[in-house]
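Just so you know, all these numbers are worked out from the coordinates, no wet-lab data involved. None of these values were measured; they are calculated from a predicted model. A quick note on method: Cβ atoms are made from the backbone with ideal geometry, for glycine too, and the neighbour counts reach across all protein chains shown.
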Amino acid sequence: MNLHEYQGKEILNSFGVEIQRGIVATTPAEAVLAAKKLTEDTGTGWHVIKAQVHAGGRGKGGGVKLAKNLEQVEQIADDIIGMMLITPQTSAEGKKVNQILVAEDVYYPGDSEPEEYYISVLLNRGTGKNMIMYSTEGGMDIETVAEETPHLIFTEEIDPAVGLLGFQARKIAFNLGLSGKAFKQMTKFVSALYKAYLNSDSSMFEINPVLKTSDDRIIAVDAKVSIDDNALFRHPDYVAMRDLREENAIEVEASEVGLNYVDLDGNVGCMVNGAGLAMATMDLIKQAGGEPANFLDVGGTADAERVELAFKLILRDPNVKAILINIFGGIVRCDRVAQGIVDAYKNMGTIKVPIIVRLQGTNADIAKELIDNSGLDVQSAVEFKEAADKVQKVLA
């Protein structure tokens, strides 16, 4: 589950990570009140207005701007709220901005120049250990840094048996070129950040940039946080942070009825049971010259009601030109799945796209007979290759 910047900062702050303070607003009037409140609490004269959407690169799309007075706060808020923000991480249509974060200006003058760093915490799946990735090149796309100057990216792996050790936090501060007060502040920041990552059951914490202020404070200016969905039962307060407006509407609908659905950009709808079979089916579609339009796992109870729901979800995509149903009958009998397909087809009326059905496993022969004798415009297949050939034929 992805969080907004302000929500990620709330979690960070609850574990002792110093953050750029801000207040959420949904209207220009609220933004002005938030700016006044921040001035009273922090003394800040300028304010940063940030669009709150689940996407990076907001500044490049005009979603992050500096306001030097209350009139500018109101004007910028009016420009950003309601806009369709297009960034390198959104679709071509962009994402609608429903709320903004009015934040304090932390780039104030002082004894030294502010400096920006990149720090993230995530799981290294290759080693099975958590890893802190960091760089002196904060405020930039980390992908660009990795491609053009990989020597400027450092990593520190943490042994899960002992956790983050003091020397590792100090090593990070040293590699970032810090000394004195800033060095001590960074070691404290890194320790608190890792504690937040671990105790919130997150799959990723990305802070870009981490700022060393002109008076050597270390603060999180941004926060990109993903919580592990499988751990949400332990965090009902995080569940309440979910913003369904930021998620794919079809995927949300599917999750509400217990279907595992991921929307893709192809032209062949997939209905399978089991994640491994789903991946193999997607490969099959690509080999046949098509592109998968979705990942859809109906699970082990592919009855008529569940199949009908799956059909409706797939057909919500106007780009779907064919549907491939690939079911292995282990837990569920193939003949029951076949009957579910026939019943769902009849309940829905005319389905205008070709349907290819491959059922293998328990009672597969009976299932094929049911499909072939149904009188419906449904093609059955026995082998993987046969299914691929039929997909290729209907797309031709």
Practice task
Note down the net charge around PRO209, summing +1 for each Lys or Arg and -1 for each Asp or Glu among other residues with Cβ under 10 Å from its Cβ.
Solution key: -3
Fill in the blank from the handout: Computed Rg/Rh for segment 131-235 (Cα atoms; Rh = Kirkwood radius) stands at 0.97
Problem - When the convex hull of its Cα atoms is projected in every direction, mean area for segment 62-185 (nm²) - result: 11.1 nm²
Exercise for the section: Select from ASN347, ASN260, ASN294 the residue whose mean-square fluctuation is largest in a Gaussian network model of the chain (Cα-Cα springs shorter than 10 Å). Expected result: ASN347
Handout entry: Separation of alpha-carbon centers, segment 49-111 and segment 210-228, rounded to whole Å
Key = 17 Å
Handout entry: Estimated FRET transfer efficiency (PHE154, ASN373; beta-carbon r; R0 45 Å; 0.05)
Key = 0.10
Practice task
Among PRO292, GLY274, ALA35, pick out the residue whose Cα is farthest towards the positive end of the charge dipole of the chain, where Lys and Arg carry +1 and Asp and Glu carry -1 on C-beta, about the Cα centre.
Solution key: GLY274
Exercise for the section: State, to one decimal in nm, how far the label point of TYR108 lies from the label point of ASP317, with both points 7 Å from Cα in the Cβ direction. Expected result: 5.1 nm
Practice task
Take the cross-link list LYS346/LYS385; LYS95/LYS224; LYS60/LYS129; LYS321/LYS346 and give me the ones stretching past 24 Å between alpha-carbons.
Solution key: LYS346/LYS385; LYS60/LYS129
Fill in the blank from the handout: Of the convex hull enclosing the alpha-carbon atoms of segment 256-380, the direction-averaged projected area in nm² is 6.7 nm²
Handout entry: Within straight-line cross-link reach of LYS181, lysines at Cα separation under 24 Å, skipping those fewer than 8 residues along the same chain
Key = LYS9, LYS171, LYS195, LYS212
Problem - Share of pairwise Cα separations in the chain, more than 25 Å, in percent - result: 64 percent
Handout entry: Set of aspartates and glutamates with alpha-carbon distance to LYS68 below 13 Å, sequence-local pairs under 8 removed
Key = GLU104, ASP105
Fill in the blank from the handout: For segment 339-396, the percent of all C-alpha pairs falling in each 10 Å bin, from 0 up to the bin holding the max distance, is 22, 53, 25, 0
Fill in the blank from the handout: Here, trypsin sites (Lys or Arg not before Pro) of segment 23-129 satisfying both criteria (DSSP loop; at most 13 other Cβ within 10 Å) are LYS68, ARG125
Problem - Choice from VAL48, VAL145, VAL97 showing the highest fluctuation, given a GNM over the chain with Cα pairs closer than 10 Å - result: VAL145
Completion exercise
HN-Hα couplings for segment 373-390 via Karplus (6.51, -1.76, 1.60; θ = phi - 60°), in whole Hz with x for Gly/Pro, come out as 9, 6, x, 8, 7, 10, 9, 9, 9, 9, 9, 4, 4, 5, 4, 4, 4, 6
Problem - Per DSSP, loop GluC sites (Glu not before Pro) in segment 91-143 with at most 16 further Cβ within 10 Å - result: GLU93
Problem - Charge sum, other residues only, whose C-beta stays under 9 Å from LYS224's C-beta, Lys/Arg counted +1 and Asp/Glu -1 - result: -3
